[in-house]
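A short write-up of the structure that comes next.
The values are calculated or read from the model by the stated rules, or taken from the named source; none is laboratory data. Everything numeric in this text was worked out from a predicted model, so none of it was measured. Here the Cβ positions follow ideal geometry from the backbone for every residue, glycine too, while neighbour counts run over all protein chains shown.
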């Protein structure tokens, strides 16, 4: 036991050095290695694009030293398929090291063989550009006592949609990412990314728009004696309500509410929603950008009078 521990550190250093020599020799050796790599690029002629996606990955055989195989960066860079010799059309392309290569390989790594699949289908289409309007997928909700001044619009209002010519006709607009803005008390401007349409080979120029939401304190305006309209009334009856008119307090942007005509407001009840005691809930419709603060009543009684002559 004592002899085993004699010169312990010297023996340990010798063992480590021996392992390092072995490791160096082993990793300098060239190996053939089969692995799956992502297809990161399909090179095409200028003004052409793919109408359908290529395979996500290929199973390939590579030759490399042990050291290079241990490195992982070159794996993430993936593969490039060269299809620059093809015009627009649909082709079954045989894959080999002639037209398939590693993207920026490090060291002495080489692609020896494409194992699976050995053939892929490429749908090549001319690249085209159309201008489409931007549709906002934004819900903006002002806080109590505030209102949105004007319609929310995107800047620019139109963008360029680039993609396969045969597929562009399907799209008439581009949407922003969905966003909800609640309890707004101040005007805001924000950059909203655009959603690339579903499919392959599309891109949007520019890839985002500026959206501005103008918020102002609201003003309250009172509308007296607004008549109540009864919808879905039976044809044989004349209907009135009690009360026949209501008082409505409306809030909105100061410069807009001062110009709002009372004829743009509709106060109504639905005869089909009448309760057993003869009442129906009041509905008040007003233009976008305005809000009903309160009304003199929430419901009214519906009173029916027959058209028949009571003397007959």
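Taking region 185-218 as the range and being crowded, with 17+ Cβ neighbours inside 10 Å and part of a strand (DSSP E or B) as the test, the residues that pass are 192, 194, 204, 209, 211, 213, 215, 216. Among the residues of region 186-200, the one identified as touching a helix residue (DSSP H, G or I) at 6+ places or on another chain (Cβ under 9 Å) and under 20 Å from residue 158 (Cα atoms) is 197. Does residue 176 count as outside the structural domain of residue 283 (by TED's automatic domain parsing) and within 30 Å of residue 124 (Cα to Cα)? Yes, satisfied. When you look at residue 269, is it in a strand (DSSP E or B) and either over 17 Å from residue 287 (Cα atoms) or assigned by TED's automatic domain parsing to the domain that holds residue 49 (or both), yes or no? So residue 269 passes the test. Tell me which residues, restricted to region 236-266, are in a strand (DSSP E or B) and under 37 Å from the mean Cα position of the chain (by Cα). Hits for region 236-266 are 250, 251, 252, 266. When we screen 152, 148, 138 for residues that are in contact with a strand residue (DSSP E or B) (Cβ under 9 Å, 6 or more places away or on another chain), crowded, with 19+ Cβ neighbours inside 10 Å and in the same structural domain as residue 181 (by TED's automatic domain parsing), the only hit is 148. Here 221, 165, 170, 185 are screened, and the one residue that is over 30 Å from residue 297 (Cα atoms) and in contact with a strand residue (DSSP E or B) (Cβ under 9 Å, 6 or more places away or on another chain) is 165. Across region 163-178, the qualifying residues are those that are assigned to a strand (DSSP E or B) and without any contact (Cβ under 8 Å) to a residue 60 or more places away in the chain, and the one among them that is nearest to residue 190 (Cα to Cα) is 176. Determine whether residue 246 is in the same structural domain as residue 187 (by TED's automatic domain parsing), surrounded by 14 or more Cβ atoms within 10 Å (Cβ to Cβ) and either in contact (Cβ under 8 Å) with a residue 40 or more places away in the chain or touching a strand residue (DSSP E or B) at 6+ places or on another chain (Cβ under 7 Å) (or both). Criteria not met by residue 246. Among the conditions (1) over 31 Å from the mean Cα position of the chain (by Cα); (2) at pLDDT 95 or above, residue 9 misses just one, which is (2).
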